[in-house]
There are 2 protein chains.
Amino acid sequence: MAEPDLLAGYDEETRPIIAGMIAAEQRALAARKAALEDCECREGMFPNPGRRRVLVAAGSAVAAAMLGGAGAAWAQAKAPAGAVLREVPADPTKEQGAPIAEDGGYGSRSQFETATRWRPNIPATTPFSSWTMSPLDQSYGVVTPSGLHFERHHNGIATIDPARHFLFIHGMVERPKKYSMADLKRFPSASRMHFIECAGNTLTEWKQPTLKTVQGTHGLLSTSEWTGVPFATLAREVGLQPGAAWVLAEGSDAAVMTRSIPLDKLLTDGLIAYGQNGEAIRPEQGYPLRLILPGWQGNMHIKWLRRLEVSDKPYMTREETSKYTDLMGNGKARQFTFVMDAKSVITFPSGEMKLPGPGFYEVTGLAWSGHGRVARVEVSTDAGKSWSLAALQEPVQPICTTRFRFPWFWDGQPAVLQSRCVDETGYIQPTLKELVAIRGLAGPFGSIYHFNAIQSWAVAADGSVSNVHA
Amino acid sequence: MAEPDLLAGYDEETRPIIAGMIAAEQRALAARKAALEDCECREGMFPNPGRRRVLVAAGSAVAAAMLGGAGAAWAQAKAPAGAVLREVPADPTKEQGAPIAEDGGYGSRSQFETATRWRPNIPATTPFSSWTMSPLDQSYGVVTPSGLHFERHHNGIATIDPARHFLFIHGMVERPKKYSMADLKRFPSASRMHFIECAGNTLTEWKQPTLKTVQGTHGLLSTSEWTGVPFATLAREVGLQPGAAWVLAEGSDAAVMTRSIPLDKLLTDGLIAYGQNGEAIRPEQGYPLRLILPGWQGNMHIKWLRRLEVSDKPYMTREETSKYTDLMGNGKARQFTFVMDAKSVITFPSGEMKLPGPGFYEVTGLAWSGHGRVARVEVSTDAGKSWSLAALQEPVQPICTTRFRFPWFWDGQPAVLQSRCVDETGYIQPTLKELVAIRGLAGPFGSIYHFNAIQSWAVAADGSVSNVHA
């Protein structure tokens, strides 16, 4: 069977972008597979380089080689940045383990764990304006490790000294204020677990089943426990003037990212966050301060936040006029489509995995909705002809990814796996056909943002899993 | 006022151990304070070296100095291991930020964040048999960053290749089995957020208010989202024989840690865990496999798990006879005191912090119970004369730390802050007096394990906070 032309249906300007993303994913896949080739014991269905073996020989030969020979060079090249490579004893009960760090330290991953995000290097991007995708295929539970949280930067990652960072609140307020980080930490705080999804997540999938892995199709999604000060608290401090209705949020990165945000949303659940997963926010996530707008486009969660200007109207910034609008089938565009609708994706099995044979598998994935809690997730193994309820990981939290699990006995016949999220408002995640019927395909990629159609993974008779439109 | 003799009441063998722990905490404190001295803008009440400033001069001078001069050497010494030090522009909107990692990478902390665990270096320990304490004073929310999870090792940290790691289940079972990591990952999995607390947490506080910080008094406590296979599932696979009642769990570290566990507990909620906070378990937490026994002594959560042997009686291992028993006031000892009772501690303000002056503060801390959910937390600001309800971070999860928050307007007068946890069984966290009345002080430290009395922090008129018995 001939390979389908994945670039069909794209215009000349868009083709190199799509081709670049495909190539970037292929490079990331090749790196993973190279790591797997060094494994004695492949897990097969998990494309996880964590299974690698440096050498086939066991015992002290391994240890010696890891420290000196070709194996050492290889391991050094593959190991996570900053990882301390240690000898692997044949029997760890017979050799004393590694000493505990003298200062107690800050731990890192096992040298056998090498999952990374990947960054597309394509015509439309630079190392300063690009994104990285989270390896959802290798995720467990709901929390995203902070080191694997997806990124989208518009002019590099700002380096900010928190002692010199301030948040200004001004405009239509009674008492304009300047807050240091210490000032902000004096206020009552809140911690909530929320997902952030880039509005552009899955944008390659409108016209064709384009990227091969769930990291490529859905990796602009991550979940953290965020801690900070509710905007509503600060609003009482500064005093809102009559007529106040919008707020401009501004980042202190070199892109000076700005977005207009309805005041109502900020007052409802906007969080001025300084904490992520129990420690300070990571640099790539806006250290030392980020605006969290639960369930809204990732782009609006302004990173390196330095300014909130209250107004009676939106500011019509670049990122809400030339970008982050939704072209419809009739050639007009929707503006201010803030909320990320209900969506789900199966993370296991997913594209480029290979099931070792018929038998039991636990199908698992993530579901989420910007409108509140996930009410239920249904799974189909026959391309949507029939659906069954999946089990949801408790507690199901509002505006948070929910891990679902579904027991499946694979009979070895070709199958198409799908998941469908229904949120607490009753909204049902659409099929691709339903989504396209409303949104059209008039843009270069389709309709670009807010793609939330049901994802299909085909399982072939040989167990290989691939991205399909079904 | 003379310094109290913190070693009074300890025997000659115990004094150097207590003194060593005090000295270890002092060294950690001194390191923090040295970092703070380099700050232009101290936050005062937060003993957080993250606030440090390398140089007072601003702008390009800072940048140049950070790359070249004495500042660079200083910063290199203080920065987290593996951190890439970047120039700090005077105005980050005017200079392009850092490039995104070419391979997408695995992120690390800001160079301004330097919280670490600390390890006591005392007569009773070696670099291979010791523990590290989590910096609870700098924690947010409920999740512990995996890099700051407390540790307790008995013979070093095992280095294990997951491709060569197996779990054996044998003894009183119908079908003994050997599972590879890949085998285990085929089973239905579960993810749950649970705390782990070392049975020895707070053991310095029976006789005297000994250590100065909450990291020292309560830092053998951490919380993660754990993912793995319920033991009950594996039990159905291997088939339990009539009379099976206990299970020996064995680790593959050089201590070959073993504990006897009642079968009922394992069947109720025991988890054979390979995931922690969304990725593989960290090496210090038992990579690639750890037994999670929700709410029970940390020591029983066997790390580097390799064997489960089913029996009709306990095995009377070293760690349940010579250690991890509770000496009572009458000279007899309780054995098999598995469950960690309800407990809580205020993390802000806590020992060695200094409040900058009278005014509003949000008192916050953690509460937990090995018996289930936290039902309520009460806070006292007058040494227990009166109590008020604290707000609990939602969702309150079973056998998980719960963050509590309490608004407090400090009038500048001396105060004693306390928190008290009540769990869903109705159990009320005891006062020190109540605890000692039952448990006695007959052991070298008091009664050593399972100290769960109410912690008191005294706030002096000058705002300084210290550990007291009140």
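The values are calculated or read from the model by the stated rules, or taken from the named source; none is laboratory data. What you see is a predicted model; the values in this text were computed from it and never measured. Quick reminder, even Gly has a Cβ in these numbers, built from the backbone with ideal geometry, and neighbours come from all protein chains shown.
What the table below lists for this structure:
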| read-out | value |
| --- | --- |
| Test: residue in the range B:421-432 that is buried (at least 22 other Cβ atoms within 10 Å of the Cβ) and in contact with a Phe, Trp or Tyr (Cβ under 6 Å, 6 or more places away or on another chain) | no |
| Residues (in contact with a Cys (Cβ under 9 Å, 6 or more places away or on another chain), buried (at least 21 other Cβ atoms within 10 Å of the Cβ) and within 9 Å of chain B (Cβ to nearest Cβ)) located in the range A:182-212 | A:R192, A:M193 |
| Residue in the range A:287-301 that is facing chain B (nearest Cβ under 10 Å) and at pLDDT 95 or above present | yes |
| Hits in the range A:13-26 (condition: loosely packed, with under 15 Cβ neighbours inside 10 Å and either assigned to a helix (DSSP H, G or I) or modelled with pLDDT of 90 or more (or both)) | A:A23, A:Q26 |
| Residue match in the range B:444-467 (condition: within 14 Å of chain A (Cβ to nearest Cβ) and either in a loop (DSSP other than H, G, I, E, B) or not basic (K, R) (or both)) | yes |
| Unique residue being over 24 Å from A:S146 (Cα atoms) and touching a residue at least 60 places away in the same chain (Cβ under 8 Å) when the list is A:L289, A:L220, A:L234 | A:L234 |
| Yes/no for A:P123 being within 7 Å of another protein chain (Cβ to nearest Cβ), over 30 Å from A:M193 (Cβ atoms) and either free of Cβ contacts under 8 Å to residues at least 24 places away in the same chain or not in a strand (DSSP E or B) (or both) | no |
| Condition met for A:P407 (modelled with pLDDT of 95 or more, assigned to a loop (DSSP other than H, G, I, E, B) and surrounded by fewer than 21 Cβ atoms within 10 Å (Cβ to Cβ)) | no |
| Residue tally, condition closer than 23 Å to B:H149 by Cα, of a type outside the set (K, R) and touching a strand residue (DSSP E or B) at 6+ places or on another chain (Cβ under 9 Å), over the range A:94-123 | 15 |
| Boolean, A:G107 is in contact with a helix residue (DSSP H, G or I) (Cβ under 7 Å, 6 or more places away or on another chain), closer than 30 Å to B:N155 by Cα and modelled with pLDDT of 80 or more | yes |
| Subset of the range A:134-179 [more than 7 Å from chain B (Cβ to nearest Cβ), part of a strand (DSSP E or B) and over 18 Å from B:P89 (Cα atoms)] | A:R152, A:F168, A:I169, A:H170, A:G171, A:V173, A:K177, A:K178, A:Y179 |
| Condition check for A:V345: farther than 24 Å from A:F445 by Cα, of a type in the set (V, I, T), touching a Leu at 6+ places or on another chain (Cβ under 7 Å) and crowded, with 22+ Cβ neighbours inside 10 Å | no |
| Residue within the range A:410-419 that is within 13 Å of chain B (Cβ to nearest Cβ), at negative phi and hydrophobic (A, V, I, L, M, F, W, C) present | yes |
| Lone qualifier among B:L293, B:L234, B:L267 - being out of contact with any helix residue (DSSP H, G or I) (no Cβ under 7 Å at 6 or more places or on another chain) and under 26 Å from B:P398 (Cα atoms) | B:L234 |
| Residue in the range B:71-92 that is modelled with pLDDT of 90 or more and either of a type in the set (S, T, Y) or in a strand (DSSP E or B) (or both) present | no |
| Qualifying position, being modelled with pLDDT of 95 or more, more than 21 Å from B:H301 (Cα to Cα) and in the same structural domain as B:Y315 (by TED's automatic domain parsing), among B:R259, B:R192, B:R236 | B:R236 |
| Unmet criterion (only one of (1) out of contact with any Asp or Glu (no Cβ under 6 Å at 6 or more places or on another chain); (2) surrounded by fewer than 18 Cβ atoms within 10 Å (Cβ to Cβ); (3) not assigned by TED's automatic domain parsing to the domain that holds B:A461) for B:E362 | (3) |
| First in the range B:377-392 and at pLDDT 95 or above, second anywhere and β-branched (V, I, T) and in a loop (DSSP other than H, G, I, E, B), Cβ under 8 Å, 6 or more apart | B:G384/B:T431; B:G384/B:I454 |
| Of all residues in the range B:84-120 being touching a residue at least 12 places away in the same chain (Cβ under 8 Å), facing chain A (nearest Cβ under 7 Å) and among the polar types (S, T, N, Q), the one that is nearest to B:A199 (Cα to Cα) | B:T116 |
| Per-region count, the range B:226-270, residues in a strand (DSSP E or B), surrounded by 24 or more Cβ atoms within 10 Å (Cβ to Cβ) and of a type in the set (D, E, K, R) | 1 |
| Test: B:R307 is out of contact with any helix residue (DSSP H, G or I) (no Cβ under 7 Å at 6 or more places or on another chain), basic (K, R) and surrounded by 14 or more Cβ atoms within 10 Å (Cβ to Cβ) | yes |
| Which numbered condition B:W118 fails, given (1) farther than 30 Å from B:R15 by Cβ; (2) at pLDDT 90 or above | (1) |
